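To keep things clear, I will list the structure first and then write my remarks on it.
Only the coordinates and a few stated rules stand behind these numbers; no lab work does. Predicted model only: the values in this text are computed from it and were never measured. Neighbour counts run over all protein chains shown; Cβ positions are idealised from the backbone, glycine included.
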Amino acid sequence: MTTTMTARPSLYTTTIGRKVLMAGSGAFILLWVTAHMLGNLKVWLNRPEFDSYAHFLRRMLSPPFPNTWVLWIIRILLIAAFAVHVYFAITLGLRSRAARVSRYEYTDHVQADPAALTMRWGGLTLAAFIIFHLMMFTWGWIHPGYSFDKADPYHNVVGAFGEWWMVVIYAVALFALAMHVYHGFWSVFQTLGLNNRRWDRVIRVWATGASVFIFLGFISIPIGVAAGAIS
Amino acid sequence: MTVIENPLAKPGSEPQSEGTIHITLKVWRQGSGRDAGRIETIDAPDIATDMSFLEMLDVVNERLIKTGGDPIAFDHDCREGICGSCGMMINGRAHGPEQATTTCQLHMRHFKDGETVFVEPWRAEPFPVIRDLIVDRSAFDKIIQAGGYITAPTGTAPEANNLPVPKPDADQAFEAANCIGCGACVAACPNASAMLFTSAKITHLGSLPQGQAERDARVMSMVAKQDELGFGTCTNIGECSASCPKEIPMESIARMNRDLLRATRRRRRRPGQ
C-alpha cells in the first residue's frame with residue numbers, strides 16, 4: 001500500500017455522526033409529540049376523562065415509582081433530546097453558513113420543497129412557541145381572559161382558546177410543526193441510511209401522513225373550543 | 001440566416017434553430033482570489049440559438065477582445081458533457097435550466113430573446129474563485145486522495161472476468177461512476193455540501209467486490225476529509241441530485257451514511273483494523 005487511508009475512530013467527530021444525533025433526538029421528540037397529541041385528544045371525551053388523564057401523567061407507574069418521578073424522567077429525557085437537537089442544529093448550521101460566505105446574486109431552486117428550506121427558521125419558530133406554550137399551560141404565566149388553575153387542566157384549555165388570536169397563534173405554530181415534521185420524518189430515514197429509491201416514495205407518503213395527522217389532531221382542540229364543541 | 005432542417009429530428013423534440021436572439025449577460029468578474037469581484041453587464045446581440053452556452057461565451061469574448069475588453073475566463077475542456085470541466089451558475093441554477101445537462105451541452109435555444117442571464121461561478125469556500133467563472137476544485141481531488149481508490153498492485157491488467165460481479169451491483173457501481181466531478185452538487189446545495197460527490201465515489205467502489213477490503217476505511221477517511229476541507233453539512237434538500245448533470249441519486253447519500261455507521265460499529269468491535 002503506497003497511500004494509506006487515515007480512518008478516524010469516532011463517529012461523532014464527523015458531520016454525518018452529528019446528523020445521526022440530530023435524527024435520533026428528532027425522532028424521540030416526534031414520538032413524544034405524537035403521544036402528547038393523542039393524550040390531548042381526550043379533551044374531546046369529557047371533563048373527567050381529560051382531568052383523570054392529566055392526573056395519570058403525574059402518577060405514571062405509581063406506586064412502584066413515587067408520584068411525578070416517571071413524569072420527570074420523561075421530562076429530563078425530552079430536555080436532553082432538545083439540547084442535543086438544538087446544539088447540533090446550530091453548530092452544523094453555522095458550519096454550512098461558513099461554507100458559503102460569498103453568496104449568489106441570483107438564487108433559484110430546481111426542486112427544493114419549502115419544508116426542507118425552512119427547517120432552521122421553522123425550528124426557531126417552534127422553539128419560541130414551545131416557551132410560549134409552557135408559559136401558558138405549565139407555568140400559567142399567560143392566561144388572557146381566564147384564571148389559570150393548575151389543578152383544573154380542562155378549565156385551562158377551554159379558557160385558553162376563548163380568544164380568537166390564540167387560535168391563530170396555535171394554527172401558525174402547528175403549521176410550522178407540520179412542515180418541520182414532514183421534512184424531519186423523511187430525513188431521519190435518509191440520515192440513518194434507511195432510505196433507498198424503492199422506499200423513498202413510501203417514506204414520503206408516511207412523512208406526509210405523520211405531519212397531517214399531528215396537525216389535524218392538535219388543531220382540532222383550539223378549533224373545538226372556539227366553535228363551542230368543547231366547553 | 002438559413003435554417004437547415006435536421007432530418008433526424010422527431011416531431012415534438014427539441015426546438016430547432018429559430019435564428020438569433022439578443023440577450024443581456026450579467027457576468028461575475030473577478031480578477032483574482034483577493035479581488036472582491038462584481039457583476040458586469042454585457043450586451044450580447046446576434047446570438048445564434050444553435051450555439052452552446054460556451055460557444056456563446058466564445059463569441060462574446062471575441063467581441064470583447066476586438067473592442068479592447070477583457071475576455072470572460074471560464075473552464076472548459078471536452079465540450080461533450082463528459083469531462084466535468086465546465087460549470088457555472090446560470091440564472092441561479094448549476095449548469096443552467098436544463099436537467100441532466102452540462103453547461104457545454106446547454107444550447108442558447110433554451111433562452112428567450114431579450115432575456116437577462118446571470119452567470120456566476122460555483123460558490124463555496126472550499127472552491128475559491130481563481131478568475132471570473134473559474135474556481136479551484138482541487139478540494140475534490142483531496143477527497144478522492146483520502147480514499148476514493150482501490151489499492152491494487154500495478155502491472156499487467158488482470159483478466160476482466162476473473163472476478164464475477166453481479167449485474168445489479170455492476171449497474172449500481174456504473175451509475176455512481178458516472179459522476180464527472182464538476183462540482184454542480186456543491187454549487188447548487190444551499191449548504192455548499194459535498195455529500196453527493198463523496199457518496200457517488202463511496203457507492204461506486206463500495207458496490208464492487210474489489211472495493212470491499214477498504215470499504216470501512218474509505219468511508220471514514222473520505223468523510224473526515226470532506227469535513228476537514230470545510231464543505232457544509234447535508235440537510236437532505238436534494239438540490240444536488242436535481243442539479244447533477246449525471247443524475248447521481250440521493251440514495252447514494254443514504255448509502256454513505258449507512259456505510260459510515262457500519263464502519264464505526266465494526267471499528268469499535270475490532271480496533272486496529
- prompt: Would segment B:43-66 turn up any residue that is of a type in the set (Val, Ile, Thr), within 14 Å of chain A (Cβ to nearest Cβ), under 23 Å from A:Glu105 (Cβ atoms) and more than 24 Å from the chain's Cα centre (by Cα)?
  reply: no
query: What is the one condition in (1) surrounded by 20 or more Cβ atoms within 10 Å (Cβ to Cβ); (2) more than 22 Å from B:Leu54 (Cβ to Cβ); (3) at the interface with chain A (Cβ under 9 Å from one of its Cβ atoms) that B:Ala94 does not satisfy?
result: (2)
- request: Report yes if some residue within segment B:223-244 is part of a helix (DSSP H, G or I), at the interface with chain A (Cβ under 10 Å from one of its Cβ atoms), more than 20 Å from A:Thr13 (Cβ to Cβ) and of a type in the set (S, T, N, Q); otherwise report no.
  value: yes
message: Name the single residue that is surrounded by the most Cβ atoms within 10 Å (Cβ to Cβ) among those in segment B:228-254 being under 15 Å from B:Glu175 (Cα atoms) and of a type in the set (Ser, Thr, Tyr).
response: B:Ser252
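So that you can scan it fast, the table gives a plain yes or no per residue for (1) in contact with a Phe, Trp or Tyr (Cβ under 6 Å, 6 or more places away or on another chain); (2) touching a residue at least 12 places away in the same chain (Cβ under 8 Å):
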residue	(1), (2)
A:His36	no, no
A:Arg47	yes, yes
A:Pro63	no, no
A:Ile74	no, yes
field: Complete set of residues in segment B:165-174 that are without any contact (Cβ under 8 Å) to a residue 24 or more places away in the chain and in a loop (DSSP other than H, G, I, E, B)
entry: B:Pro166
query: Only one of (1) closer than 22 Å to A:Thr191 by Cα; (2) more than 7 Å from chain B (Cβ to nearest Cβ); (3) surrounded by 13 or more Cβ atoms within 10 Å (Cβ to Cβ) is not met by A:Pro114, so which one is it?
result: (3)
query: Scanning segment B:112-126 for residues that are out of contact with any Leu (no Cβ under 7 Å at 6 or more places or on another chain) and within 14 Å of chain A (Cβ to nearest Cβ), which turns out farthest from B:Arg137 (Cα to Cα)?
result: B:Glu115
task: Taking A:Ala99 as meeting all but one of (1) aliphatic (A, V, I, L, M); (2) touching an Asp or Glu at 6+ places or on another chain (Cβ under 7 Å); (3) exposed (fewer than 15 other Cβ atoms within 10 Å of the Cβ), write down the number of the exception.
output: (3)
task: Just give me the residues in segment B:130-171 being hydroxyl-bearing (Ser, Thr, Tyr) and either exposed (fewer than 11 other Cβ atoms within 10 Å of the Cβ) or more than 14 Å from chain A (Cβ to nearest Cβ) (or both), in sequence order.
output: B:Ser138, B:Thr154, B:Thr156
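Table: residues versus (1) more than 21 Å from the chain's Cα centre (by Cα); (2) more than 15 Å from A:Gly224 (Cα to Cα).
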residue: A:Leu134; (1), (2): no, yes
residue: A:Trp139; (1), (2): no, yes
residue: A:Pro144; (1), (2): yes, yes
residue: A:Tyr154; (1), (2): yes, no
residue: A:Gly159; (1), (2): yes, no
